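*Asks:* The structure that follows is given in the form of structure tokens.
Every read-out reported here was derived from the displayed coordinates using simple, explicitly stated rules and does not represent laboratory data. Just so you know, these numbers come straight off a predicted model, no measurement behind them. Neighbour counts run over all protein chains shown; Cβ positions are idealised from the backbone, glycine included.
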Amino acid sequence: MKDKLEQVKIEAVKAFASAKDETELEALEIKYLGRKGVLAALMQGVAGLPGAERPAMGKLANDVKSAVGRALAERRKELESAKLGAIADAEWMDLTVPGKRPPKGHVHIVTDAIAAVTEIFSRIGFTRVRYPEVEWDWYAFEALNMPKDHPARDEWETFFMDAPEDPKLGKMVLTPHTSSGQIRELKKGKLPIRMINISKTYRRQSDVTHVPMFHQFEGLMVDKDVSVTHLKGVLDFFAREFFGRGRKTRLRPFHFRFTEPSFEIDISCDICGGTGQVNHAKCRVCKEGWLELGGAGMVHPNVLKACGVDPEKWSGFAFGWGVERTMMMREGVKIDDIRHLYRNDFRFLTQF
Ligand code: PHE
């Protein structure tokens, strides 16, 4: 009996010490310490011993039982703290390590340029407006003094919508220039006007300096006694604020049906520094040192009349430039193909 008890003690303590987890531990607990377990059976054996042997064996059996109980409790504690340790390891955090910044995007460079243009003109009292991406022929051409079938219309490479013609306003087109915004603004009948219309425009064209969808910003000022001097002043102000003092602008006489006199506005090219040459070759973007940004002029009296504004009382100027081109001519931007802007290539976009 004594040997048996000693043997069970060694066996049980060893088994508990090497139990892998709580499930195994519980199975062993039932096996050794359960109501019908190994020790319970031994205790019963002790009870059946002759009277003289019983006290000593009883004591030994109790010692074995508590030793086994201690082995169980110890292992249980060990397993429990190992589990907590693993959790703590997983959750451990070094508060002194510098934080990881989440990746942060930025607005598209064209959106950014639109904001900059808006801001500069707001400083001299021009209110930002935007007009539809589809337009009626009357707003896009006819009210701008370009009668039906006039050859000047061909310069706008217009996309026509597959939509029924309006009896009064004519065909529906994708807005080919922001100048239709002049008509929409004048038709509101609120004078004087100082607007800057920045909207999407569409033409059938695609090469290093053209994309079929681009943006224009159109300035319109109508007031009493507005002259070319005001136009020149506003353009110079913008050029200085947007491009910096190192860049030059020039006005070339030109012809538009909706302005008289008319000009084309050029800015010295930043790709070639205004020389027209890059590494002894012609500059890919401007070819001659100057890049045409857009047109301008004094609002034609016929345009005012078409919108119910009396040209004897009111006069004004208008100008319209491409946002993308203007942005590309900014100091240090150096984008040599306008089509990059709309390819959605992250390697390109994240450079800015
Ligand atoms: N709308 C003209 C264009 O798209 C530019 C322009 C605007 C010219 C205003 C004169 C006045 O080319």
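*Asks:* Sketch the reach of a paramagnetic label on E6 as a point 7 Å from Cα along Cα-to-Cβ, and name the residues of region 57-95 whose backbone nitrogen lies under 12 Å away.
*Replies:* Correct set: none at all.
*Asks:* Mind giving me the FRET efficiency for N62 and D21? R0 is 30 Å, r the Cβ-Cβ distance, nearest 0.05 is fine.
*Replies:* Taking R0 as 30 Å, the efficiency between N62 and D21 is 0.55.
*Asks:* Using R₀ = 25 Å, calculate the FRET efficiency as 1/(1 + (r/R₀)^6) where r is the Cβ-Cβ separation of K313 and K168; round to 0.05.
*Replies:* 0.40
*Asks:* What FRET efficiency comes out for the pair R70/T96, r = Cβ-Cβ distance, R0 = 35 Å, nearest 0.05?
*Replies:* 0.25
*Asks:* Something else about it: Less than 14 Å from a label point 7 Å out along the Cα-to-Cβ axis of L191: which backbone N atoms in region 113-133 qualify, by residue?
*Replies:* Taking a point 7 Å out along Cα→Cβ of L191, no residue of region 113-133 has its backbone N under 14 Å.
*Asks:* OK, next. Just for the chain, what percent of DSSP beta bridges are antiparallel, to the closest 5?
*Replies:* Of the beta bridges lying entirely in the chain, close to 95 percent run antiparallel.
*Asks:* Calculate, in nm to one decimal, what R128 and R250 gain on full extension: separation in residues at 0.36 nm each, minus their alpha carbon distance.
*Replies:* 41.4 nm
*Asks:* Need one number: nm distance between label points at D236 and Q277, each 7 Å from Cα along Cα→Cβ, rounded to one decimal.
*Replies:* The two pseudo-label positions are separated by 3.2 nm.
*Asks:* If you don't mind, another one. Please list, ordered by chain and number, the residues whose modelled amide H lies under 5 Å from the amide H of M161; skip anything fewer than 5 residues away on the same chain.
*Replies:* M172, V173, L174
*Asks:* All other residues with a Cβ under 13 Å from the Cβ of L174 taken together, and with Lys, Arg as +1 and Asp, Glu as -1, what is their net charge?
*Replies:* Once positives and negatives cancel, what remains is -1.
*Asks:* Another question, then. Residue-wise, which Karplus ³J(HN,Hα) couplings in Hz belong to region 328-345, taking 6.51 cos²θ - 1.76 cosθ + 1.60, θ = phi - 60°, and x for glycine or proline?
*Replies:* Calculated HN-Hα couplings, in order: 5, 8, 6, 3, x, 6, 6, 9, 9, 8, 4, 5, 4, 4, 10, 8, 6, 8 Hz.
*Asks:* Tell me, what HN-Hα J-couplings in whole Hz come from the Karplus equation 6.51 cos²θ - 1.76 cosθ + 1.60 at θ = phi - 60° for each residue of region 172-180, using x for Gly and Pro?
*Replies:* Computed from phi, the couplings for region 172-180 are 9, 10, 6, 3, x, 7, 6, 4, 4 Hz.
*Asks:* Longer than 26 Å from Cα to Cα, which of K248/K305; K168/K188; K20/K59; K224/K248; K232/K305 are they? Say none if no pair is.
*Replies:* Violating the 26 Å limit, Cα to Cα: K248/K305; K20/K59; K224/K248.
*Asks:* Further question on the same structure: For region 124-244, with only Lys/Arg (+1) and Asp/Glu (-1) charged at the beta-carbon, what is the dipole magnitude about the Cα centre, in debye rounded to 20?
*Replies:* 500 debye
*Asks:* Next question. Tell me the net charge near E165. Cut-off is 15 Å between Cβ atoms, E165 excluded, with +1 for each Lys or Arg and -1 for each Asp or Glu.
*Replies:* Counting the neighbours of E165, the net charge comes to -3.
*Asks:* Hey, got a sec? Which GluC sites (Glu not before Pro) in region 228-317 land in a DSSP loop and have at most 13 other Cβ atoms within 10 Å?
*Replies:* Passing both the DSSP loop test and the Cβ count: E312.
*Asks:* What size of dipole, in debye to the nearest 20, comes out for the chain about its Cα centre when the only charges are +1 on Lys and Arg C-beta atoms and -1 on Asp and Glu C-beta atoms?
*Replies:* 900 debye
*Asks:* For region 149-307, what's the radius of gyration and Dmax over Cα atoms, in angstrom?
*Replies:* That works out to 17.6, 56 Å for Rg and Dmax.
*Asks:* Determine ³J(HN,Hα), in whole Hz, for all residues of region 290-302 in sequence, where each value follows from phi through the Karplus function 6.51 cos²θ - 1.76 cosθ + 1.60 and θ = phi - 60°; x replaces Gly and Pro.
*Replies:* Running phi through 6.51 cos²θ - 1.76 cosθ + 1.60 with θ = phi - 60° gives 10, 10, 6, 9, x, x, 7, x, 8, 3, 5, x, 5 Hz.
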